[in-house]
1. Gain in length, E184 to E204, computed as 0.36 nm per residue apart minus the alpha-carbon separation, to one decimal in nm?
2. With everything on Cα atoms, drop me the angle between helix 192-207 and the longest principal axis of the chain, reported from 0 to 90° to the nearest 10.
3. Calculate I(q)/I(0) for the stretch 108-208 by the Debye formula, one identical point scatterer on each C-alpha and no solvent, and give its log10 at q = 0.16, 0.18 Å⁻¹ to two decimals.
4. Can you tell me the orientation of helix 112-125 relative to the chain, as the angle in degrees between its alpha-carbon axis and the longest Cα principal axis, to the nearest 10?
5. Angle, helix 401-414 long axis vs. longest principal axis of the chain, Cα atoms, 0 to 90°, nearest 10?
6. Taking the simple approach of a point 7 Å from Cα along Cα-to-Cβ for both Q401 and K350, what is their distance in nm?
7. What is the Cα centroid distance between the stretch 314-388 and the stretch 221-279, reported in whole angstrom?
8. Under the classification rounded if a/c is under 1.5, otherwise prolate if a/b is larger than b/c and oblate if not, where does the stretch 147-295 fall, given a ≥ b ≥ c as square roots of the Cα gyration tensor eigenvalues?
Amino acid sequence: MNDTNKADVLLGLQWGDEGKGKIVDVLTPHYKMVARFQGGPNAGHTLVFEDKKYILHTIPSGIFHKGCLNVVGNGVVLDPFIINKELDQLNIPDEELQESLFVCGKAHLILPSHRLMDAAIENKKGKLKIGSTLKGIGPAYTDKVARTGLRLSDTATPEFDEKYDRLKQEHLRIAKDLGYDLRELVLDGLPFDDYEKAWFSGLERLKALPRIQSEVFVNEALDKGARVLAEGAQGTLLDIDFGSYPYVTSSNTITAGACVGLGVAPSRIGEVFGVFKAYCTRVGSGPFPTEILDADGDRLRDEGHEYGSTTGRPRRCGWLDLPALKYAVMINGVSRLIMTKADVLNSMEKIRVCVAYKVDGESHDVVPLSAGQQDMEPIYEELRGWNRPLDDIHTFEALPQELLDYVAVIEDFVKVPVDIISVGADRKEILIRKGAGILQRLSVV
Ligand code: IMP
(Lines give C-alpha, C1' and ligand atoms only; values in the text may rest on other atoms or scores of the structure.)
Protein backbone atom coordinates (compact mmCIF):
# COMPACT_ATOMS: atom_id res chain seq x y z
CA MET A 1 0.00 0.00 0.00
CA ASN A 2 1.23 3.44 -0.94
CA ASP A 3 -0.32 5.65 1.71
CA THR A 4 1.83 8.66 0.86
CA ASN A 5 0.18 8.85 -2.54
CA LYS A 6 -2.47 11.57 -2.50
CA ALA A 7 -5.26 12.75 -4.76
CA ASP A 8 -4.96 16.26 -6.19
CA VAL A 9 -8.04 18.46 -6.48
CA LEU A 10 -8.84 21.01 -9.15
CA LEU A 11 -11.70 23.39 -8.56
CA GLY A 12 -13.16 26.80 -9.33
CA LEU A 13 -12.62 29.75 -6.99
CA GLN A 14 -15.41 32.02 -8.22
CA TRP A 15 -19.02 31.44 -9.34
CA GLY A 16 -18.26 28.63 -11.79
CA ASP A 17 -17.34 28.96 -15.46
CA GLU A 18 -13.69 29.60 -14.60
CA GLY A 19 -12.53 27.40 -17.48
CA LYS A 20 -11.85 24.30 -15.38
CA GLY A 21 -12.67 21.87 -18.20
CA LYS A 22 -9.81 23.10 -20.32
CA ILE A 23 -7.32 23.00 -17.45
CA VAL A 24 -8.29 19.45 -16.44
CA ASP A 25 -7.95 18.48 -20.06
CA VAL A 26 -4.42 19.90 -20.13
CA LEU A 27 -3.43 18.22 -16.85
CA THR A 28 -5.06 14.85 -17.55
CA PRO A 29 -2.15 13.29 -19.46
CA HIS A 30 -0.31 13.37 -16.11
CA TYR A 31 -3.05 11.52 -14.24
CA LYS A 32 -4.30 7.94 -14.36
CA MET A 33 -7.71 8.83 -12.97
CA VAL A 34 -10.00 11.87 -13.15
CA ALA A 35 -12.97 11.87 -10.78
CA ARG A 36 -16.05 14.09 -10.51
CA PHE A 37 -17.26 14.41 -6.92
CA GLN A 38 -20.32 16.71 -6.87
CA GLY A 39 -22.87 18.52 -8.99
CA GLY A 40 -24.39 17.09 -12.11
CA PRO A 41 -25.66 18.32 -15.44
CA ASN A 42 -25.80 21.91 -14.15
CA ALA A 43 -22.08 21.90 -15.03
CA GLY A 44 -20.81 22.54 -18.53
CA HIS A 45 -17.09 21.91 -18.93
CA THR A 46 -15.96 23.13 -22.32
CA LEU A 47 -13.01 21.54 -24.10
CA VAL A 48 -11.68 22.71 -27.44
CA PHE A 49 -9.21 20.74 -29.51
CA GLU A 50 -8.64 19.96 -33.18
CA ASP A 51 -11.03 22.81 -33.98
CA LYS A 52 -13.91 21.04 -32.26
CA LYS A 53 -15.77 22.09 -29.15
CA TYR A 54 -17.11 19.57 -26.64
CA ILE A 55 -19.24 20.35 -23.60
CA LEU A 56 -19.20 17.81 -20.79
CA HIS A 57 -21.92 17.95 -18.15
CA THR A 58 -21.47 14.86 -15.99
CA ILE A 59 -18.65 12.91 -17.58
CA PRO A 60 -15.15 13.75 -16.27
CA SER A 61 -12.88 15.76 -18.54
CA GLY A 62 -10.32 12.93 -18.82
CA ILE A 63 -12.60 11.03 -21.19
CA PHE A 64 -10.72 12.15 -24.30
CA HIS A 65 -7.38 10.81 -23.08
CA LYS A 66 -6.69 7.18 -23.86
CA GLY A 67 -5.90 5.11 -20.78
CA CYS A 68 -7.41 7.60 -18.34
CA LEU A 69 -9.94 6.14 -15.88
CA ASN A 70 -12.92 8.47 -15.44
CA VAL A 71 -14.91 8.21 -12.25
CA VAL A 72 -18.33 9.64 -11.45
CA GLY A 73 -18.35 9.61 -7.66
CA ASN A 74 -21.05 9.06 -5.07
CA GLY A 75 -21.50 12.82 -4.58
CA VAL A 76 -22.66 13.43 -8.15
CA VAL A 77 -26.32 13.51 -9.21
CA LEU A 78 -27.04 11.67 -12.47
CA ASP A 79 -29.60 12.42 -15.15
CA PRO A 80 -29.71 9.39 -17.49
CA PHE A 81 -31.36 11.42 -20.27
CA ILE A 82 -28.52 13.95 -20.28
CA ILE A 83 -25.76 11.36 -19.84
CA ASN A 84 -27.13 9.45 -22.80
CA LYS A 85 -26.97 12.57 -24.98
CA GLU A 86 -23.49 13.31 -23.71
CA LEU A 87 -22.31 9.80 -24.56
CA ASP A 88 -23.72 10.18 -28.08
CA GLN A 89 -21.80 13.42 -28.51
CA LEU A 90 -18.53 11.82 -27.40
CA ASN A 91 -18.67 9.28 -30.16
CA ILE A 92 -16.57 6.81 -28.16
CA PRO A 93 -17.41 3.13 -28.83
CA ASP A 94 -19.24 1.42 -25.95
CA GLU A 95 -16.42 -1.17 -25.57
CA GLU A 96 -13.97 1.65 -24.91
CA LEU A 97 -16.31 3.26 -22.40
CA GLN A 98 -16.38 -0.05 -20.54
CA GLU A 99 -12.72 0.51 -19.79
CA SER A 100 -12.71 4.24 -19.23
CA LEU A 101 -15.92 5.36 -17.49
CA PHE A 102 -16.92 4.13 -14.02
CA VAL A 103 -20.01 5.23 -12.13
CA CYS A 104 -20.61 4.90 -8.40
CA GLY A 105 -23.75 2.97 -7.44
CA LYS A 106 -24.26 5.39 -4.54
CA ALA A 107 -24.74 8.37 -6.87
CA HIS A 108 -28.32 9.65 -6.81
CA LEU A 109 -30.62 9.84 -9.81
CA ILE A 110 -32.25 13.02 -11.05
CA LEU A 111 -35.76 11.92 -11.99
CA PRO A 112 -37.75 13.72 -14.70
CA SER A 113 -40.05 14.85 -11.91
CA HIS A 114 -37.08 16.46 -10.10
CA ARG A 115 -36.76 18.76 -13.09
CA LEU A 116 -40.44 19.48 -12.84
CA MET A 117 -40.01 20.33 -9.15
CA ASP A 118 -37.07 22.63 -9.96
CA ALA A 119 -39.24 24.56 -12.41
CA ALA A 120 -42.21 24.68 -10.02
CA ILE A 121 -40.11 25.89 -7.07
CA GLU A 122 -38.28 28.55 -9.10
CA ASN A 123 -41.54 29.70 -10.61
CA LYS A 124 -43.06 30.14 -7.17
CA LYS A 125 -40.11 32.23 -5.96
CA GLY A 126 -40.87 35.00 -8.43
CA LYS A 127 -38.38 37.84 -7.99
CA LEU A 128 -36.40 35.87 -5.40
CA LYS A 129 -35.56 33.07 -7.78
CA ILE A 130 -32.06 31.58 -7.62
CA GLY A 131 -31.62 31.47 -11.38
CA SER A 132 -31.23 27.67 -11.27
CA THR A 133 -30.13 25.86 -14.41
CA LEU A 134 -33.42 23.92 -13.98
CA LYS A 135 -31.66 20.58 -14.30
CA GLY A 136 -33.31 19.23 -11.15
CA ILE A 137 -30.16 19.57 -9.03
CA GLY A 138 -31.72 21.12 -5.91
CA PRO A 139 -34.69 18.72 -5.73
CA ALA A 140 -32.46 15.65 -6.32
CA TYR A 141 -30.09 16.65 -3.50
CA THR A 142 -33.12 17.50 -1.33
CA ASP A 143 -34.39 13.93 -1.72
CA LYS A 144 -30.90 12.59 -1.03
CA VAL A 145 -30.68 14.44 2.28
CA ALA A 146 -34.31 13.65 3.14
CA ARG A 147 -33.45 9.97 2.58
CA THR A 148 -36.17 9.59 0.00
CA GLY A 149 -33.94 9.67 -3.10
CA LEU A 150 -33.06 6.87 -5.49
CA ARG A 151 -29.49 5.77 -6.04
CA LEU A 152 -28.17 4.20 -9.22
CA SER A 153 -27.73 0.93 -7.30
CA ASP A 154 -31.47 0.91 -6.54
CA THR A 155 -32.16 0.22 -10.20
CA ALA A 156 -30.99 -3.37 -9.64
CA THR A 157 -33.60 -4.07 -6.96
CA PRO A 158 -37.08 -5.51 -7.62
CA GLU A 159 -38.70 -2.55 -5.81
CA PHE A 160 -37.20 0.08 -8.12
CA ASP A 161 -40.29 0.66 -10.29
CA GLU A 162 -42.52 1.00 -7.27
CA LYS A 163 -40.14 3.40 -5.51
CA TYR A 164 -39.74 5.44 -8.69
CA ASP A 165 -43.47 5.76 -9.09
CA ARG A 166 -44.07 6.67 -5.44
CA LEU A 167 -41.45 9.44 -5.59
CA LYS A 168 -42.74 10.73 -8.91
CA GLN A 169 -46.33 10.91 -7.60
CA GLU A 170 -45.11 12.84 -4.56
CA HIS A 171 -43.30 15.32 -6.83
CA LEU A 172 -46.35 15.72 -9.06
CA ARG A 173 -48.51 16.38 -6.03
CA ILE A 174 -46.14 19.07 -4.70
CA ALA A 175 -45.79 20.70 -8.11
CA LYS A 176 -49.56 20.84 -8.45
CA ASP A 177 -49.86 22.37 -4.97
CA LEU A 178 -47.37 25.01 -6.08
CA GLY A 179 -49.76 25.84 -8.88
CA TYR A 180 -47.57 24.48 -11.61
CA ASP A 181 -49.40 23.38 -14.73
CA LEU A 182 -47.93 20.10 -15.95
CA ARG A 183 -49.34 20.58 -19.44
CA GLU A 184 -47.02 23.53 -19.88
CA LEU A 185 -43.96 21.51 -19.11
CA VAL A 186 -41.50 20.81 -21.88
CA LEU A 187 -38.17 19.25 -20.95
CA ASP A 188 -35.40 19.60 -23.53
CA GLY A 189 -38.04 20.09 -26.22
CA LEU A 190 -40.11 17.05 -25.18
CA PRO A 191 -43.46 16.77 -23.39
CA PHE A 192 -43.08 15.10 -19.97
CA ASP A 193 -44.18 11.58 -21.04
CA ASP A 194 -41.81 11.47 -24.01
CA TYR A 195 -38.98 12.82 -21.91
CA GLU A 196 -39.63 10.14 -19.30
CA LYS A 197 -39.48 7.41 -21.96
CA ALA A 198 -36.16 8.74 -23.21
CA TRP A 199 -34.97 8.99 -19.59
CA PHE A 200 -35.64 5.28 -19.09
CA SER A 201 -33.76 4.31 -22.23
CA GLY A 202 -30.85 6.48 -21.03
CA LEU A 203 -31.05 4.63 -17.73
CA GLU A 204 -30.45 1.32 -19.52
CA ARG A 205 -27.27 2.74 -21.03
CA LEU A 206 -26.15 4.12 -17.68
CA LYS A 207 -26.78 0.74 -16.04
CA ALA A 208 -24.57 -0.92 -18.62
CA LEU A 209 -21.53 1.17 -17.60
CA PRO A 210 -19.10 -0.38 -15.13
CA ARG A 211 -20.46 0.17 -11.63
CA ILE A 212 -18.10 0.89 -8.75
CA GLN A 213 -18.01 2.01 -5.15
CA SER A 214 -16.01 5.18 -5.62
CA GLU A 215 -14.50 5.08 -2.12
CA VAL A 216 -13.03 1.61 -2.76
CA PHE A 217 -12.08 2.24 -6.38
CA VAL A 218 -10.30 5.53 -5.74
CA ASN A 219 -8.52 4.45 -2.55
CA GLU A 220 -7.30 1.23 -4.18
CA ALA A 221 -5.98 3.23 -7.12
CA LEU A 222 -4.15 5.54 -4.69
CA ASP A 223 -2.78 2.52 -2.81
CA LYS A 224 -1.34 1.25 -6.06
CA GLY A 225 0.37 4.59 -6.66
CA ALA A 226 -1.98 5.88 -9.38
CA ARG A 227 -2.21 9.63 -9.84
CA VAL A 228 -5.73 10.81 -9.16
CA LEU A 229 -7.24 14.20 -9.99
CA ALA A 230 -10.59 15.19 -8.46
CA GLU A 231 -12.43 17.57 -10.79
CA GLY A 232 -14.73 20.10 -9.15
CA ALA A 233 -17.80 21.61 -10.78
CA GLN A 234 -19.43 25.06 -10.29
CA GLY A 235 -17.29 27.23 -8.00
CA THR A 236 -16.47 27.98 -4.39
CA LEU A 237 -18.81 30.98 -4.21
CA LEU A 238 -21.70 28.70 -5.20
CA ASP A 239 -20.96 26.25 -2.36
CA ILE A 240 -24.05 25.31 -0.34
CA ASP A 241 -22.34 26.28 2.95
CA PHE A 242 -19.76 28.91 2.01
CA GLY A 243 -21.29 30.54 -1.05
CA SER A 244 -23.65 33.51 -1.07
CA TYR A 245 -26.57 31.52 0.35
CA PRO A 246 -29.35 31.09 -0.78
CA TYR A 247 -28.00 31.99 -4.24
CA VAL A 248 -25.90 28.85 -4.44
CA THR A 249 -26.02 25.35 -5.80
CA SER A 250 -26.98 22.38 -3.63
CA SER A 251 -23.63 20.66 -3.16
CA ASN A 252 -20.26 21.30 -1.53
CA THR A 253 -18.11 22.56 -4.35
CA ILE A 254 -14.97 22.91 -2.20
CA THR A 255 -12.01 20.62 -1.46
CA ALA A 256 -13.88 19.01 1.44
CA GLY A 257 -16.56 18.06 -1.12
CA ALA A 258 -13.98 15.87 -2.85
CA CYS A 259 -13.57 13.89 0.39
CA VAL A 260 -17.29 13.23 0.86
CA GLY A 261 -18.11 13.00 -2.83
CA LEU A 262 -15.55 10.28 -3.52
CA GLY A 263 -14.87 8.74 -0.13
CA VAL A 264 -11.28 9.93 0.23
CA ALA A 265 -9.89 10.90 3.64
CA PRO A 266 -8.74 14.53 4.13
CA SER A 267 -5.22 13.22 4.85
CA ARG A 268 -5.18 11.76 1.33
CA ILE A 269 -5.62 15.12 -0.41
CA GLY A 270 -2.42 16.44 -2.01
CA GLU A 271 -2.20 19.60 -4.09
CA VAL A 272 -5.23 21.83 -4.56
CA PHE A 273 -5.27 23.66 -7.88
CA GLY A 274 -7.52 26.71 -7.77
CA VAL A 275 -8.77 28.02 -11.09
CA PHE A 276 -9.95 31.61 -11.44
CA LYS A 277 -10.76 33.91 -14.31
CA ALA A 278 -8.77 37.13 -14.78
CA TYR A 279 -12.11 38.88 -14.13
CA CYS A 280 -15.37 37.60 -12.63
CA THR A 281 -18.62 36.29 -14.02
CA ARG A 282 -21.79 35.05 -12.47
CA VAL A 283 -24.84 33.47 -14.04
CA GLY A 284 -28.09 33.52 -12.13
CA SER A 285 -29.13 35.74 -9.25
CA GLY A 286 -27.27 36.76 -6.10
CA PRO A 287 -24.76 39.31 -4.84
CA PHE A 288 -21.90 40.25 -7.14
CA PRO A 289 -20.09 43.27 -5.66
CA THR A 290 -17.77 43.93 -8.62
CA GLU A 291 -20.38 43.56 -11.35
CA ILE A 292 -19.88 46.06 -14.20
CA LEU A 293 -23.16 47.42 -15.43
CA ASP A 294 -21.79 49.73 -18.14
CA ALA A 295 -20.21 49.22 -21.57
CA ASP A 296 -17.08 47.60 -20.08
CA GLY A 297 -19.29 44.78 -18.81
CA ASP A 298 -20.79 44.27 -22.28
CA ARG A 299 -17.31 44.29 -23.75
CA LEU A 300 -16.12 41.55 -21.37
CA ARG A 301 -19.23 39.49 -22.17
CA ASP A 302 -18.65 39.77 -25.90
CA GLU A 303 -14.90 39.26 -25.89
CA GLY A 304 -15.07 36.44 -23.36
CA HIS A 305 -18.10 34.77 -25.03
CA GLU A 306 -19.73 34.85 -21.64
CA TYR A 307 -22.89 32.91 -22.30
CA GLY A 308 -23.77 29.82 -20.24
CA SER A 309 -22.53 26.55 -21.76
CA THR A 310 -25.44 24.68 -20.18
CA THR A 311 -28.26 27.19 -20.50
CA GLY A 312 -27.00 29.79 -23.03
CA ARG A 313 -27.87 32.59 -20.59
CA PRO A 314 -25.73 35.78 -20.75
CA ARG A 315 -23.35 35.87 -17.81
CA ARG A 316 -23.02 38.90 -15.57
CA CYS A 317 -19.46 40.26 -15.82
CA GLY A 318 -17.28 42.16 -13.35
CA TRP A 319 -13.77 42.95 -12.17
CA LEU A 320 -11.61 40.53 -10.24
CA ASP A 321 -12.57 40.42 -6.56
CA LEU A 322 -9.44 39.78 -4.49
CA PRO A 323 -11.00 39.47 -1.00
CA ALA A 324 -13.41 36.87 -2.42
CA LEU A 325 -10.50 35.07 -4.11
CA LYS A 326 -8.53 35.04 -0.87
CA TYR A 327 -11.55 33.61 0.95
CA ALA A 328 -11.84 30.84 -1.66
CA VAL A 329 -8.12 30.07 -1.34
CA MET A 330 -8.53 29.74 2.43
CA ILE A 331 -11.65 27.53 2.34
CA ASN A 332 -10.06 25.16 -0.17
CA GLY A 333 -6.44 25.14 1.00
CA VAL A 334 -5.36 26.10 -2.52
CA SER A 335 -1.66 25.43 -3.13
CA ARG A 336 -1.36 26.56 -6.78
CA LEU A 337 -3.33 29.11 -8.73
CA ILE A 338 -4.30 28.93 -12.38
CA MET A 339 -5.58 32.08 -14.08
CA THR A 340 -7.75 31.73 -17.17
CA LYS A 341 -9.01 34.01 -19.92
CA ALA A 342 -6.31 36.66 -19.46
CA ASP A 343 -6.63 37.36 -23.21
CA VAL A 344 -10.17 38.66 -22.70
CA LEU A 345 -8.65 41.74 -21.02
CA ASN A 346 -6.30 42.39 -23.96
CA SER A 347 -8.06 45.51 -25.17
CA MET A 348 -8.61 47.11 -21.76
CA GLU A 349 -6.56 50.25 -21.22
CA LYS A 350 -7.21 50.21 -17.50
CA ILE A 351 -7.98 47.21 -15.36
CA ARG A 352 -9.64 47.48 -11.99
CA VAL A 353 -9.23 45.02 -9.18
CA CYS A 354 -11.26 45.01 -5.96
CA VAL A 355 -9.05 45.05 -2.85
CA ALA A 356 -11.67 45.75 -0.15
CA TYR A 357 -15.34 46.56 0.35
CA LYS A 358 -17.06 49.44 1.99
CA VAL A 359 -19.89 48.22 4.21
CA ASP A 360 -21.87 50.73 6.32
CA GLY A 361 -19.15 53.29 5.72
CA GLU A 362 -16.36 50.99 6.93
CA SER A 363 -13.69 49.32 4.84
CA HIS A 364 -13.25 45.52 5.05
CA ASP A 365 -10.58 43.56 3.24
CA VAL A 366 -12.21 40.22 4.03
CA VAL A 367 -15.59 39.06 2.73
CA PRO A 368 -18.14 40.38 5.26
CA LEU A 369 -19.76 37.53 7.19
CA SER A 370 -23.31 38.19 6.05
CA ALA A 371 -22.19 38.84 2.50
CA GLY A 372 -25.51 37.58 1.15
CA GLN A 373 -27.55 40.42 2.56
CA GLN A 374 -25.45 43.54 2.67
CA ASP A 375 -24.83 46.17 0.10
CA MET A 376 -21.12 46.21 -0.50
CA GLU A 377 -19.33 48.91 -2.38
CA PRO A 378 -16.09 47.63 -3.86
CA ILE A 379 -12.89 49.61 -3.32
CA TYR A 380 -10.73 49.33 -6.43
CA GLU A 381 -7.10 49.61 -7.31
CA GLU A 382 -6.58 50.63 -10.92
CA LEU A 383 -3.80 49.06 -13.00
CA ARG A 384 -2.53 49.74 -16.50
CA GLY A 385 -3.76 47.22 -19.06
CA TRP A 386 -1.35 45.51 -21.48
CA ASN A 387 -3.56 46.59 -24.31
CA ARG A 388 -2.14 44.24 -26.93
CA PRO A 389 -2.85 40.73 -28.23
CA LEU A 390 -1.05 37.76 -26.67
CA ASP A 391 -1.05 35.40 -29.66
CA ASP A 392 2.66 35.83 -30.32
CA ILE A 393 3.68 35.04 -26.76
CA HIS A 394 4.84 31.51 -26.05
CA THR A 395 6.27 31.66 -22.53
CA PHE A 396 4.95 32.93 -19.23
CA GLU A 397 8.05 35.05 -18.75
CA ALA A 398 7.53 36.84 -22.09
CA LEU A 399 4.08 38.13 -21.10
CA PRO A 400 3.74 41.94 -21.13
CA GLN A 401 5.00 43.62 -17.96
CA GLU A 402 1.52 45.00 -17.20
CA LEU A 403 0.11 41.46 -17.13
CA LEU A 404 2.99 40.27 -14.93
CA ASP A 405 2.26 43.22 -12.63
CA TYR A 406 -1.39 42.16 -12.48
CA VAL A 407 -0.28 38.65 -11.47
CA ALA A 408 2.04 40.11 -8.82
CA VAL A 409 -0.83 42.11 -7.26
CA ILE A 410 -2.93 38.94 -7.08
CA GLU A 411 -0.13 36.84 -5.58
CA ASP A 412 0.70 39.52 -3.06
CA PHE A 413 -2.93 39.65 -1.91
CA VAL A 414 -3.72 35.93 -1.71
CA LYS A 415 -0.19 34.64 -0.95
CA VAL A 416 -0.34 31.70 -3.36
CA PRO A 417 1.63 31.53 -6.62
CA VAL A 418 0.00 31.73 -10.04
CA ASP A 419 1.63 28.80 -11.87
CA ILE A 420 -0.37 28.77 -15.10
CA ILE A 421 -2.04 31.39 -17.27
CA SER A 422 -4.46 30.41 -19.99
CA VAL A 423 -4.62 32.82 -22.92
CA GLY A 424 -7.18 31.25 -25.26
CA ALA A 425 -9.74 28.47 -25.56
CA ASP A 426 -7.52 25.89 -27.27
CA ARG A 427 -5.62 23.22 -25.33
CA LYS A 428 -2.39 24.71 -26.64
CA GLU A 429 -3.01 28.29 -25.50
CA ILE A 430 -1.51 27.87 -22.07
CA LEU A 431 1.62 29.28 -20.42
CA ILE A 432 3.28 27.54 -17.48
CA ARG A 433 5.72 29.50 -15.36
CA LYS A 434 9.31 28.29 -15.47
CA GLY A 435 10.14 26.24 -12.37
CA ALA A 436 6.53 26.38 -11.15
CA GLY A 437 5.65 23.96 -8.37
CA ILE A 438 2.95 22.44 -10.53
CA LEU A 439 5.62 21.18 -12.94
CA GLN A 440 7.42 19.36 -10.15
CA ARG A 441 4.13 17.84 -9.01
CA LEU A 442 3.43 16.59 -12.49
CA SER A 443 7.06 15.54 -12.90
CA VAL A 444 7.46 17.30 -16.20
CA VAL A 445 10.48 19.49 -15.41
P1 IMP B 1 -28.53 24.92 -9.82
O2 IMP B 1 -27.27 24.29 -9.35
O3 IMP B 1 -28.90 24.54 -11.21
O4 IMP B 1 -29.65 24.73 -8.86
O5 IMP B 1 -28.28 26.51 -9.87
C6 IMP B 1 -28.00 27.26 -8.69
C7 IMP B 1 -27.12 28.46 -9.03
O8 IMP B 1 -25.83 27.99 -9.43
C9 IMP B 1 -27.62 29.30 -10.21
O10 IMP B 1 -27.25 30.65 -9.98
C11 IMP B 1 -26.86 28.75 -11.41
O12 IMP B 1 -26.73 29.68 -12.43
C13 IMP B 1 -25.53 28.45 -10.74
N14 IMP B 1 -24.80 27.35 -11.41
C15 IMP B 1 -25.06 26.04 -11.32
N16 IMP B 1 -24.16 25.34 -12.02
C17 IMP B 1 -23.31 26.21 -12.55
C18 IMP B 1 -22.14 26.07 -13.36
O19 IMP B 1 -21.68 24.99 -13.70
N20 IMP B 1 -21.53 27.24 -13.71
C21 IMP B 1 -21.97 28.46 -13.30
N22 IMP B 1 -23.06 28.62 -12.53
C23 IMP B 1 -23.72 27.51 -12.16
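1. Values: separation 20, 0.36 × 20 = 7.20 nm, distance 2.77 nm.
Fully extending the segment from E184 to E204 adds 4.4 nm.
2. Tilt relative to the chain: about 80 degrees.
3. Those come out to -0.69, -0.87, one per q.
4. On a 0 to 90 degree scale, this one is about 60.
5. 60
6. 2.1
7. So the two Cα centres are separated by 21 Å.
8. oblate
The values are calculated or read from the model by the stated rules, or taken from the named source; none is laboratory data. Since the model is a prediction, treat every value here as computed from it, not as a measurement. In this analysis, Cβ positions are derived from the backbone assuming ideal geometry, glycine residues included, and neighbour counts consider all displayed protein chains. Heads up: the accessible areas ignore ligands, DNA and RNA and are worked out on the full protein's heavy atoms, side chains in. Shrake-Rupley method; radii C 1.70, N 1.55, O 1.52, S 1.80 Å.
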